1. Condition test on PRO85, is it at pLDDT 95 or above and not charged (D, E, K, R)?
2. Are there any helices (runs of 4 or more DSSP H) wholly within region 43-134 with 1 or more residues that are closer than 21 Å to CYS28 by Cα, and if so which?
3. So which of LYS118, LYS79 is surrounded by fewer than 17 Cβ atoms within 10 Å (Cβ to Cβ), in contact with a Pro (Cβ under 9 Å, 6 or more places away or on another chain) and assigned by TED's automatic domain parsing to the domain that holds CYS51?
4. For VAL53, which of the numbered conditions (1) touching an Asp or Glu at 6+ places or on another chain (Cβ under 7 Å); (2) loosely packed, with under 15 Cβ neighbours inside 10 Å; (3) not small (Gly, Ala, Ser) fails to hold?
5. Looking at region 67-92, I want the residues that are farther than 26 Å from SER107 by Cα and have a partner that is in a loop (DSSP other than H, G, I, E, B) and at pLDDT below 95 with Cβ atoms under 8 Å, at least 6 apart or on another chain. Which pairs are those?
6. Starting from residues that are in the same structural domain as ASP86 (by TED's automatic domain parsing) and over 14 Å from the mean Cα position of the chain (by Cα), keep the ones in region 17-66 and report whichever is farthest from ASP100 (Cα to Cα).
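The values are calculated or read from the model by the stated rules, or taken from the named source; none is laboratory data. Please read all numbers here as calculations on a predicted model, not as lab measurements. Glycine also receives a Cβ, built like all others from the backbone with ideal geometry; neighbour counts cover every protein chain displayed.
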Amino acid sequence: MSTYLERQSRFEFKRDPSNDMLIGPDTCHYDTEQEAMYFSLKASCGCGNPCGVHGFLIECLRQFETEAWPKPGVEGIKKVLLAHPDIAAEFIAHYLSSEDFTEHGGSVYGSWITDRGKQFLEIGPMIDRDEEAI
């Protein structure tokens, strides 16, 4: 398991000498750096619209990249979400699946809730003393 600081560092791609494929952060083999970074994410499996979700994540990250202050950050991500609600929903569905709250077969669009997801619902929302639950 990687440490917090290791996860923040740049990943150095290496090639497998036996087939010249890239070895991703998850130690699987990929054709391109883009595929290696995207498919090694915990919240991605390759079904649905991986190119769209990958582009969406890039747009979200760009909200933190600028030198401007204050950075767009979360406010910028809100704009990206509004511009791409279908892709955002797909990413959330992938995330829920990666955390075992849902499962899916051939596509995340046909997901179903797991016992862990049901437990999460039964427990209910966390309520901050200063904020209301959604």
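1. Working: at pLDDT 95 or above: yes; not charged (D, E, K, R): yes.
Yes.
2. Working: elements: 50-65, 73-83, 85-98, 115-123.
Answer list for region 43-134: 50-65, 85-98.
3. Working: LYS118 fails: in contact with a Pro (Cβ under 9 Å, 6 or more places away or on another chain).
Just one listed residue meets the conditions, LYS79.
4. (2)
5. PRO72/THR66; LYS79/PRO72
6. Going through the qualifying residues, I end up with THR66.
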